[in-house]
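Following: one structure in C-alpha cells, then a few remarks.
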Amino acid sequence: MRDEFRKEAALLYKQMPYESNELYKKYQLLFELPDREVKRPDSESWKQKVKELADRLNLKFDIVVHNGIVVHSLSKNALRQLDIEAMDDKSITEVLRSRDKFAAYAYAKSEVAIELGSDADCVVDILFLNTSESLPVLFNIRARDGARVTVNELFFADADKDTVCGCMHDITAASGSEIELTMLHLEDKDSDVFTIINGRAEERSSIRTNLISMGGRKVRHRSKIVAAGKESRIFTNDVVLGFDSQKVDIETDTTSKNVHTESISNTRAIMLGSAAGIIKSFAKIEKGSKGSVSKINEHGIVDGEDSYIYLIPDMSIDESDVVATHAGAAAPIDKEKIFYMQSRGVDERLAKLLVMTGFLSESLGRISSEWVKRITYSSIVDKVKGGGFGVPEKIDISDAWISEKGTL
C-alpha cells in the first residue's frame, strides 16, 4: 500500500500544474523538486550542529527534526511519529484532491508524519535542521477543546549542496481552542523551500499563523485556512525579507463558512538587490456567513534596481451582511525619511536599516515568542548590512528600530 501510494503521489506531482487559479497563473514561481530516493539520515550526525546552533542562539529546543526525521524530543505533549500507512485515508485523499503540486511531492517523499496533539496549554519549540538531502515533513497539529497550543519552528539549512526544505502542516483547532504556529525560515543559498498549511477552526476557536521568510534561494508558501465554526477566527501574519537573488511566492487563502467569523491577513515584504516577490492573498465569505469580518492588507518596499514585488489582494463575497476590505501598496524606500535622518547625522546605511526594521516591526510585534522576535530582528540587521544566508554569527539587535508593540 505504501509503495503504491508513493507512486500515485509522485505521478500526481509530475502531472499537476504549478498553479490552478486562473488569476494567479501569470504570477507564480516555477521550480522543480528533485526526484530522489528517500534516505534515512545518520542518527548521530546532528548532535554537534545542534549544540553549536543552540549555544549561538542561547536557546534549547524541545524537538529536533534532522533531515526529515525526529531525532530528539523532550516534549511531554502527545508527540508521535506515524508511518504514512497509518495515516487516515480520508485526509490523504483530501490533500491530493486539493491539486497542490507540492503537497503531492510531500506525500511521495516523506518518511513519516509527525503529530502533536494536546488537551492542555503548551508551548513547543522545534528545530528543523537540514544538513544534507532533506526529506519533506508532514506535521499534524491538533488543539483539543479549550487548549492553547503554541508551536515555534526554526528552519535552518547548512548543507553546502542543493537541498529541499519542505513542510506540510495540517492544523485543527477544536471548539474554544487556540493555535499559534510561527515558522522562521533561515535556510542557506542552496536551499529550495516550500511550506503548506491546511487549517480548520471550529466553533469559537482561533488559528494564528506567523511566517517569517528570510532564507532559501526559492521559496513557495501556500496557506489555506477555513473558519468553519461560528465565531471562529483566523489571523495570518507574513513577514518577508528577500535579498541577493532570492525569489519568493506566497499565497494565503482564507474562507469564512459560518456566522460571526473573523479573518485577518497581513503581509509586509521587503525586496533588496535583485530579489523578487509575489504576494497573493485571497479571502472568501460564503453565503450564510452573516456578521463576518474579512480584511486583507499587503504592503511592500523595494530597494534595488532589479528588485520587484507583485501584490495581488483579492476577495469573493457571497453574503451582504459582512465587513470586507482589501488593500495593497508597494513603493521604493522613502527617500525623504532617509534624507531627514541623514540631516540629523545618521549615515545612509543605518537610516535604511531603521526604516526597514520599523516597517516590519508592527508585524513582528504580533508574534508571542520572544526568541523568534530576537533572532528575526538580528537576522534583518545582519542581512541589510550585507550578511549572508542563514542564522547570524552574532545575535545583535542594537541597530533595529522596534515599535512599542514589538518591544522585546
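Quick check on the stretch 100-113. Is at least one of its residues part of a loop (DSSP other than H, G, I, E, B), closer than 25 Å to residue 373 by Cα and touching an Asp or Glu at 6+ places or on another chain (Cβ under 9 Å)? Before you say what the answer is, go through the steps one by one.
First, pick out the residues of the stretch 100-113 that are part of a loop (DSSP other than H, G, I, E, B): 100, 110-111.
Keeping just the survivors that are closer than 25 Å to residue 373 by Cα gives none.
Taking every residue of the stretch 100-113 in turn, none turns out to be part of a loop (DSSP other than H, G, I, E, B), closer than 25 Å to residue 373 by Cα and touching an Asp or Glu at 6+ places or on another chain (Cβ under 9 Å).
Say we look at the stretch 297-310 and pick out the residues that are hydrophobic (A, V, I, L, M, F, W, C) and touching a residue at least 40 places away in the same chain (Cβ under 8 Å); which of these is farthest from residue 255 (Cα to Cα)?
Pass one, the stretch 297-310, residues hydrophobic (A, V, I, L, M, F, W, C): 301-302, 309.
Cutting the leftovers down to touching a residue at least 40 places away in the same chain (Cβ under 8 Å) gives us 301, 309.
On the way: 301: 28, 309: 25 Å.
Result: 301.
Which of (1) out of contact with any Ser or Thr (no Cβ under 9 Å at 6 or more places or on another chain); (2) within 18 Å of residue 263 (Cβ to Cβ) is the odd one out, the single condition residue 139 does not satisfy?
The number of the failed condition is (2).
Table: residues versus (1) in contact with a strand residue (DSSP E or B) (Cβ under 7 Å, 6 or more places away or on another chain); (2) of a type outside the set (D, E, K, R).
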{"site": "197", "(1), (2)": "yes, yes"}
{"site": "205", "(1), (2)": "yes, yes"}
{"site": "208", "(1), (2)": "yes, no"}
{"site": "226", "(1), (2)": "yes, yes"}
{"site": "242", "(1), (2)": "yes, yes"}
{"site": "259", "(1), (2)": "no, yes"}
{"site": "264", "(1), (2)": "yes, yes"}
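Could you list, in sequence order, the residues of the stretch 336-352 that are part of a helix (DSSP H, G or I) and not β-branched (Val, Ile, Thr)? If you could, list the steps in order and put the result at the bottom.
Taking the stretch 336-352 and keeping what is part of a helix (DSSP H, G or I), we get 336-343, 348-352.
Correct list: 336, 337, 339, 340, 341, 342, 343, 348, 349, 350, 351, 352.
Would you please list the contacts, defined by Cβ atoms under 8 Å and residues six or more apart or on different chains, that run from a residue in the stretch 15-38 that is within 12 Å of residue 105 (Cβ to Cβ) and modelled with pLDDT of 80 or more to a residue that is small (Gly, Ala, Ser) and outside any loop (DSSP other than H, G, I, E, B)?
16/104; 33/166
Out of the stretch 203-234, which residues are farther than 19 Å from residue 282 by Cβ and surrounded by fewer than 23 Cβ atoms within 10 Å (Cβ to Cβ)?
Matches in the stretch 203-234: 203, 204, 206, 217, 218, 229, 230, 231.
Looking only at the stretch 124-153, filter to residues that are among the polar types (S, T, N, Q) and surrounded by 22 or more Cβ atoms within 10 Å (Cβ to Cβ); which one of those is nearest to residue 62 (Cα to Cα)?
Going through the stretch 124-153, the residues among the polar types (S, T, N, Q) turn out to be 130-132, 134, 140, 150, 152.
Adding the requirement that they be surrounded by 22 or more Cβ atoms within 10 Å (Cβ to Cβ) leaves 130, 134, 152.
On the way: 130: 17, 134: 20, 152: 10 Å.
Among residues in the stretch 124-153 that are among the polar types (S, T, N, Q) and surrounded by 22 or more Cβ atoms within 10 Å (Cβ to Cβ), the one nearest to residue 62 (Cα to Cα) is 152.
Hey, among the residues in the stretch 258-281 that are surrounded by fewer than 24 Cβ atoms within 10 Å (Cβ to Cβ) and of a type in the set (A, V, I, L, M, F, W, C), which one's farthest from the chain's Cα centre (by Cα)?
Taking the candidates together, the pick is 259.
Are any residues in the stretch 135-174 of a type in the set (Gly, Ala, Ser), touching a residue at least 60 places away in the same chain (Cβ under 8 Å) and more than 18 Å from residue 214 (Cβ to Cβ), and if so, which ones? So that I can check it myself, show each step before the final result.
Start the filter on the stretch 135-174 by keeping residues that are of a type in the set (Gly, Ala, Ser), which leaves 143, 146-147, 157, 159, 166, 173-174.
Then drop every residue that is not touching a residue at least 60 places away in the same chain (Cβ under 8 Å), which leaves 143, 157, 166.
Scanning the stretch 135-174 gives a single hit, 143.
Within the stretch 236-257, is there a residue that is on the phi < 0 side of the Ramachandran plot, of a type in the set (A, V, I, L, M), free of Cβ contacts under 8 Å to residues at least 40 places away in the same chain and surrounded by fewer than 22 Cβ atoms within 10 Å (Cβ to Cβ)?
First, the residues of the stretch 236-257 that are on the phi < 0 side of the Ramachandran plot: 236-243, 245-257.
Imposing the further condition that a residue be of a type in the set (A, V, I, L, M) reduces the set to 239-241, 248, 250.
The next check asks that each one be free of Cβ contacts under 8 Å to residues at least 40 places away in the same chain; those that pass are 240, 250.
Next, from what is left, pick out any that are surrounded by fewer than 22 Cβ atoms within 10 Å (Cβ to Cβ): none.
No - not one qualifying residue is present in the stretch 236-257.
Output the residue which, of all residues in the stretch 154-190 that are of a type in the set (S, T, N, Q) and in a strand (DSSP E or B), is surrounded by the fewest Cβ atoms within 10 Å (Cβ to Cβ).
Applying the first criterion (of a type in the set (S, T, N, Q)) to the stretch 154-190 yields 163, 172, 175, 177, 182.
Filter once more, keeping what is in a strand (DSSP E or B): 163, 172, 182.
Numbers: 163: 23, 172: 20, 182: 23.
Among them, the one singled out is 172.
Tell me which residues, restricted to the stretch 355-408, are at pLDDT 85 or above, buried (at least 16 other Cβ atoms within 10 Å of the Cβ) and part of a loop (DSSP other than H, G, I, E, B).
365, 366, 367, 369
Can you give me the ranges of the strands (runs of 3 or more DSSP E) entirely in the stretch 253-335 with at least 1 residues that are in contact with a Ser or Thr (Cβ under 7 Å, 6 or more places away or on another chain) and small (Gly, Ala, Ser)? Give the steps one after another, and end with the answer.
Details: elements: 262-272, 276-285, 293-303, 308-317, 323-332.
In the stretch 253-335, 262-272, 276-285, 293-303, 323-332 are the strands (runs of 3 or more DSSP E) which contain 1 or more residues that are in contact with a Ser or Thr (Cβ under 7 Å, 6 or more places away or on another chain) and small (Gly, Ala, Ser).
The values are calculated or read from the model by the stated rules, or taken from the named source; none is laboratory data. Here the structure is a predicted model, which is why all the values come from computation and not from measurement. Please note: Cβ atoms are built from the backbone with ideal geometry, for glycine as well, and neighbour counts cover all protein chains shown.
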